[in-house]
Each structure stands twice: as C-alpha cells, then as structure tokens.
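Working notes for the structure below.
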Amino acid sequence: MGLDDKIENKTQEAAGKAKQNIGEATDDQDLQAEGKADQRSSNIKQAGEKIKNAFKK
C-alpha cells in the first residue's frame, strides 16, 4: 500500500467519523449512516491493499 493510498484511506475514515459524530449531534440519521458507510468503505479499501501487499511478498 502506497503512502498516498494510506493517507487517502485515513482521510476518508476520519471524514466518515466526523459525519457520523455531526449526525449524532444533530440527530440526522442520514448523515450518521453516510458517515458509517464512508468508514466501512475506507476499511474495505485498507483491507484490500493489505491483501495485495501480502501477495507481493
């Protein structure tokens, strides 16, 4: 996993967490769900990159 990919995934994860927290604070369930989805997407991308790296070795 390249450094750029790691940064992009972590940024997406942090943005998702922020959306989730704002959604919780404002009682906006759609924003909460969007934040959770962003976090899941980021985690899936990170897992995929780790798998690719495992096969490179």
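Assorted remarks:
- Whole-number accessible area per residue in Å² for the chain, which is evaluated in the context of all protein chains at 1.4 Å: 74 Å²
- Derived scalar couplings ³J(HN,Hα) [region 5-14; Karplus, 6.51 cos²θ - 1.76 cosθ + 1.60; whole Hz; x for Gly, Pro]: 5, 4, 5, 4, 5, 5, 5, 5, 5, 5
- For region 38-50, the Karplus equation 6.51 cos²θ - 1.76 cosθ + 1.60, evaluated at θ = phi - 60°, returns couplings of 4, 5, 4, 4, 4, 5, 5, 4, 5, 5, x, 5, 5 Hz by residue, with Gly and Pro reported as x.
- The slack between residue 37 and residue 56, meaning 0.36 nm per residue of separation minus the straight C-alpha distance, is 3.9 nm.
- Set of lysines with alpha-carbon distance to residue 52 below 20 Å, sequence-local pairs under 8 removed: 6, 10
- Once the C-beta distance of residue 8 and residue 29 is scaled by a Förster radius of 35 Å, the resulting FRET efficiency is 0.85 to the nearest 0.05.
- When a 1.4 Å probe is rolled over the protein heavy atoms, the share of accessible surface on the chain that falls to carbon and sulfur comes to 55 percent.
The values are calculated or read from the model by the stated rules, or taken from the named source; none is laboratory data. Source: prediction; values computed, not measured. Cβ sites come from the backbone with ideal geometry, for glycine too, and all protein chains shown count toward neighbours. The accessibility values were calculated without ligands, DNA or RNA, using every heavy atom of the protein model including side chains. Shrake-Rupley method; radii C 1.70, N 1.55, O 1.52, S 1.80 Å.
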